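Encoded as structure tokens, the structure appears first; notes follow it.
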Amino acid sequence: MAPQSNQTRYYLGFNLVPGIGPARLGRLIEYCGSLEAAWHADDFALAAAGIDGRSSAALIAARGRLDLDAELTKLTRAGITALGLEDPAYPALLRQIPGAPPLIYVRDALIPADERAVAIVGTRNPSTYGREVAIRLAGELAAAGITIVSGLALGIDALAHRAALDAGGRTLAVLGSGVDRPYPLQNRRLADRIRTAGALISDFPLGTAPVAANFPPRNRIISGLALATVVVEAGERSGALITVEFALEQGRDVLAVPGSILAAQNVGTNRLIRNGAQPVLGVQDILAALNIDQVVAQQSARNELPVEPAEALVLEQINAEPRHSDEIGRAIGLSAAETSAALVTLELKGFIRQSTPFYYVRRG
């Protein structure tokens, strides 16, 4: 189990305070200058950072009540790791999404290979066809070394988890409850099995009950942990379509399995394909869409090559709107050679891409 950093203890503290999510915490850190200073902020600083009175009172009460070291020890004894946003072990793919959860709980452990992950989601009431497709895709992807991510729900989720394990692969289950309270009850045994070759993940504190409002945020983590989301049977109002919306916001690929136009559980997936999602006719379609070799090279570069000062300056100038390399260099006072070198390295690391020659945009 990874050691817990001093930063992690403060992320854990904030995670135990209701009303302070990623956006508010980000504003508070920006105002106070550091995570530790944010934790100890006084009333004036809290108000200046835009924290409302109720949340400020909750934070002040938590500071007087919580022993952060004792909370970390409690997690360790339970076999649970808390990973703060700045922890090296925090999933790189998840860190890239807008408003990434400042802290996640992991039971049992993540490994570097989990960066090669695909989410498989779908209906809780699959047809025989949907069951067979989910099992085949998850099993073949797992056999190819791809980690399967899903939400431990009945139906497609559970089938994908089991197929990955049966193939000798890894799978991650993201929960809408604390990792000590896997849900639904019917899948508790499956949750125990997942811990032997994967992990249970949540951004909710231990003891959190699986209430309905927790599941959209959980779906956001499912897509955030994966290079792509594959939908197998989803009705018109399926929760799987919420995962798709998050995947699109995060700049991740969305693929869908076509199904009968006469079946209600295929309305959502068939509409996704009509609207531009790539149809999946076999596992090779997923592997081809991922361009796994390129993704792995980029991920390795991200982990091994730090962002140099010049690269950081260049990256600040690039967003969703294409921008010419000359314009970027002029904006920050770098020569054409320096700008070009930084752009090449940032592209290698997967932070940016060329939309057209010499024009760059951010990935995700």
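The values are calculated or read from the model by the stated rules, or taken from the named source; none is laboratory data. Predicted model only: the values in this text are computed from it and were never measured. Note: ideal-geometry Cβ built from the backbone for every residue, glycine included; neighbour counts use all protein chains shown.
The residues in the stretch 118-139 that are out of contact with any Asp or Glu (no Cβ under 6 Å at 6 or more places or on another chain), crowded, with 24+ Cβ neighbours inside 10 Å and not β-branched (Val, Ile, Thr) can be counted, and the count is 4.
Out of Ala234, Ala256, one residue alone is more than 18 Å from the chain's Cα centre (by Cα), free of Cβ contacts under 8 Å to residues at least 40 places away in the same chain and crowded, with 24+ Cβ neighbours inside 10 Å. It is Ala256. Quick check, is Glu327 assigned to a helix (DSSP H, G or I), modelled with pLDDT of 85 or more and surrounded by fewer than 16 Cβ atoms within 10 Å (Cβ to Cβ)? In short, yes.
Which members of the stretch 165-188 meet the condition of being more than 20 Å from Ile242 (Cα to Cα), of a type in the set (A, V, I, L, M, F, W, C) and either in a strand (DSSP E or B) or within 19 Å of the chain's Cα centre (by Cα) (or both)? Let's see the steps before the verdict.
Step one: filter the stretch 165-188 for residues more than 20 Å from Ile242 (Cα to Cα), giving 165-171, 178-182, 185-188.
Narrowing the set further to residues that are of a type in the set (A, V, I, L, M, F, W, C) leaves 165, 167, 179, 185.
Once the filter is applied, which keeps residues that are more than 20 Å from Ile242 (Cα to Cα), of a type in the set (A, V, I, L, M, F, W, C) and either in a strand (DSSP E or B) or within 19 Å of the chain's Cα centre (by Cα) (or both), the stretch 165-188 yields only Val179.
Look at Ile146 and say whether it is assigned by TED's automatic domain parsing to the domain that holds Gly251, buried (at least 24 other Cβ atoms within 10 Å of the Cβ) and of a type outside the set (D, E, K, R). Taking the combined requirement at face value, the residue satisfies it. Among the numbered conditions (1) buried (at least 21 other Cβ atoms within 10 Å of the Cβ); (2) outside any helix (DSSP H, G or I), the only one that Asp114 does not meet is (2).
Could you tell me whether any residue of the stretch 68-87 is among the hydroxyl-bearing types (Ser, Thr, Tyr) and more than 30 Å from Ala113 (Cβ to Cβ)? Checking the stretch 68-87: not a single residue is among the hydroxyl-bearing types (Ser, Thr, Tyr) and more than 30 Å from Ala113 (Cβ to Cβ). Is it the case, given these coordinates, that Arg63 is in contact with a helix residue (DSSP H, G or I) (Cβ under 6 Å, 6 or more places away or on another chain), more than 23 Å from Thr147 (Cβ to Cβ) and of a type in the set (Lys, Arg)? In short, no.
Taking the numbered list (1) among the hydrophobic types (A, V, I, L, M, F, W, C); (2) modelled with pLDDT of 90 or more; (3) more than 25 Å from the chain's Cα centre (by Cα) in turn, Ile286 passes all entries but (3).
With respect to the stated conditions, Val133 is in contact (Cβ under 8 Å) with a residue 24 or more places away in the chain and more than 30 Å from Gly21 (Cβ to Cβ). Residue count for the stretch 205-226 under the criterion of being surrounded by 23 or more Cβ atoms within 10 Å (Cβ to Cβ) and either of a type in the set (Val, Ile, Thr) or touching a helix residue (DSSP H, G or I) at 6+ places or on another chain (Cβ under 8 Å) (or both): the result is 8. If you go through the stretch 18-48 and keep only what is buried (at least 20 other Cβ atoms within 10 Å of the Cβ), aliphatic (A, V, I, L, M) and out of contact with any Ser or Thr (no Cβ under 7 Å at 6 or more places or on another chain), you end up with Leu25, Leu28, Ile29, Leu35, Ala38, Ala41.
Condition test on Leu248, is it part of a loop (DSSP other than H, G, I, E, B) and either without any contact (Cβ under 8 Å) to a residue 12 or more places away in the chain or polar (S, T, N, Q) (or both)? Break it down stepwise before answering.
Working: part of a loop (DSSP other than H, G, I, E, B): no; either without any contact (Cβ under 8 Å) to a residue 12 or more places away in the chain or polar (S, T, N, Q) (or both): yes.
When the stated conditions are applied, Leu248 does not pass them.
Give the residues of the stretch 251-288 that are out of contact with any helix residue (DSSP H, G or I) (no Cβ under 6 Å at 6 or more places or on another chain), part of a helix (DSSP H, G or I) and small (Gly, Ala, Ser), sorted by residue number. Result: Ala264, Ala288.
Against the list (1) surrounded by fewer than 17 Cβ atoms within 10 Å (Cβ to Cβ); (2) assigned to a strand (DSSP E or B), the condition Thr76 fails is (2).
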